[in-house]
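The values are calculated or read from the model by the stated rules, or taken from the named source; none is laboratory data. Small disclaimer: the values here were computed from a predicted structure and weren't measured. Neighbour counts are summed over all protein chains in view; Cβ atoms, including those assigned to glycine, are modelled from backbone coordinates with ideal geometry.
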Amino acid sequence: MNRTILLTGGGGFVAGNIISQNRSRDIIEAVEQRAVPILSDNLTWHILDLQDSAQLRRLFHRVKPDVIIHTAAISDIDYCEAHQEIAESVNVGVTRTLVDLCVESNVRLIYFSSDSIFNGQKGRYVEEDIPEPLHFYGRTKVAGEKIVQQGCHDWVVIRPSLITGLPLLDSGNSFLWRLINELKQGKKAAFPKEEIRSPVDAVTLSRAVLELAENDFQGILHLAGNDTLTRFEIARQIVRKLGYSLDLVVDKEPQVTTSRAPRPRDVSLDNTKARKVLKTPMLDLGEALDLIIENKGDKEL
Ligand SMILES: NC(=O)c1ccc[n+]([C@@H]2O[C@H](COP(=O)([O-])OP(=O)(O)OC[C@H]3O[C@@H](n4cnc5c(N)ncnc54)[C@H](OP(=O)(O)O)[C@@H]3O)[C@@H](O)[C@H]2O)c1
């Protein structure tokens, strides 16, 4: 069945991958704050600050979505710590408006939370573990989750682990793309050995989200790869796969500065539920990197 998807954060890293992976005839109505030079079949752009709830409401009633995929957020952890008012307004306030619209019109909402809602003391977190964020960004994500769970009739909360992948444009929150740009210039890249994650690739994540847009699963879902690795090990696997020298990955000393929000140590996620619920397979990091390379388009790696 053709569905109409309202996709927020359209110009961002993850949303660009969702647009690329939309192989069905779903119509995507993508929202972004500035013009985005991506054209494809069944894709329409709407330029809008999501904080303008009156305009958002008008757009919602015009496009009449079957499902909203809400990726938009202020996703820079340190920026959120330093600019809490705007982080609250975008990450929590916009979610509240979208929940109200979904309830009024009985629309399904897929909300992007994060692995960063956990305190990192345990690792291999399951969906039932209690969130206890260490920073403001994590607190806004927990607040968004609660609004969705308590308000919506038809909802999914996705908690992605660290996302590896290529942005459709050169912008967005992709650490892999930043790393590749450093490697190309022969620069050393520093990654912490004490931060443990279970990286998921943006292609698998996007396929899983599009699957969730079509099925009737409700609840919280951890979308994570099968491997639990330090960020240092993740970077080394990437560098090896891309054929650069391993000497370019160096250990990043823990930074204790007032401008850097604290990071949780081990927020690896258990993906057992995702493997049961979804047809989209969750991958090991090596397989995920192959998939990213297969889907690289015209990007030079
Ligand atoms: N990347 C990761 O590793 C990761 C891990 C876990 C969870 N997540 C979550 O996954 C989601 C997608 O992340 P991402 O990496 O794709 O982030 P991203 O690249 O930073 O994209 C976020 C998008 O939201 C847009 N946006 C922000 N404020 C807006 C506003 N007021 N009105 C309209 N659009 C607005 C941004 O537009 P501008 O560029 O114009 O500001 C940007 O295009 C986020 O909710 C993030 O918290 C990401």
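Look at residue 125 and say whether it is at pLDDT 95 or above, more than 10 Å from the ligand (Cβ to nearest atom), among the hydroxyl-bearing types (Ser, Thr, Tyr) and closer than 24 Å to residue 206 by Cβ.
Taking the combined requirement at face value, the residue satisfies it.
From the list 200, 267, exactly one residue is in contact (Cβ under 8 Å) with a residue 24 or more places away in the chain and closer than 30 Å to residue 65 by Cβ. Which is it? Spell out how you get there, then give the answer.
Values: 267 fails: closer than 30 Å to residue 65 by Cβ.
Sole residue among the options that is in contact (Cβ under 8 Å) with a residue 24 or more places away in the chain and closer than 30 Å to residue 65 by Cβ: 200.
Determine whether residue 124 is touching a residue at least 40 places away in the same chain (Cβ under 8 Å), surrounded by fewer than 19 Cβ atoms within 10 Å (Cβ to Cβ) and on the phi > 0 side of the Ramachandran plot.
Yes: the conditions hold for residue 124.
Output the residue which, of all residues in region 65-79 that are more than 7 Å from the ligand (Cβ to nearest atom) and not acidic (Asp, Glu), is farthest from residue 109 (Cα to Cα).
Ranking the qualifying residues of region 65-79, first place goes to 79.
Would you check which residues across region 40-80 are hydroxyl-bearing (Ser, Thr, Tyr) and surrounded by fewer than 18 Cβ atoms within 10 Å (Cβ to Cβ) and list them?
40, 44, 53, 79
So residue 132 fits all but one of (1) in a loop (DSSP other than H, G, I, E, B); (2) within 9 Å of the ligand (Cβ to nearest atom); what number is the exception?
Going through the list (1) in a loop (DSSP other than H, G, I, E, B); (2) within 9 Å of the ligand (Cβ to nearest atom), residue 132 breaks only (2).
Would you confirm whether or not region 174-182 contains a residue that is within 15 Å of the ligand (Cβ to nearest atom), farther than 23 Å from residue 270 by Cα, of a type in the set (D, E, K, R) and without any contact (Cβ under 8 Å) to a residue 24 or more places away in the chain?
Yes, that holds for at least one residue.
Examine region 151-172 for a residue that is surrounded by 15 or more Cβ atoms within 10 Å (Cβ to Cβ) and without any contact (Cβ under 8 Å) to a residue 40 or more places away in the chain, and state whether such a residue exists.
Looking for residues that are surrounded by 15 or more Cβ atoms within 10 Å (Cβ to Cβ) and without any contact (Cβ under 8 Å) to a residue 40 or more places away in the chain, one finds none in region 151-172, hence no.
Is it the case that some residue within region 2-22 is more than 13 Å from the ligand (Cβ to nearest atom), within 21 Å of residue 111 (Cβ to Cβ), among the aliphatic types (A, V, I, L, M) and modelled with pLDDT of 95 or more?
So far as region 2-22 goes, yes, one or more of its residues are more than 13 Å from the ligand (Cβ to nearest atom), within 21 Å of residue 111 (Cβ to Cβ), among the aliphatic types (A, V, I, L, M) and modelled with pLDDT of 95 or more.
Quickly run through region 214-246 and pick out the residues that are surrounded by 21 or more Cβ atoms within 10 Å (Cβ to Cβ) and under 30 Å from residue 3 (Cα atoms).
Correct list: 221, 222, 223, 224, 225.
Mind listing whichever residues of region 28-57 are within 16 Å of residue 16 (Cβ to Cβ), of a type in the set (Gly, Ala, Ser) and over 20 Å from the mean Cα position of the chain (by Cα)?
Hits for region 28-57 are 35, 40.
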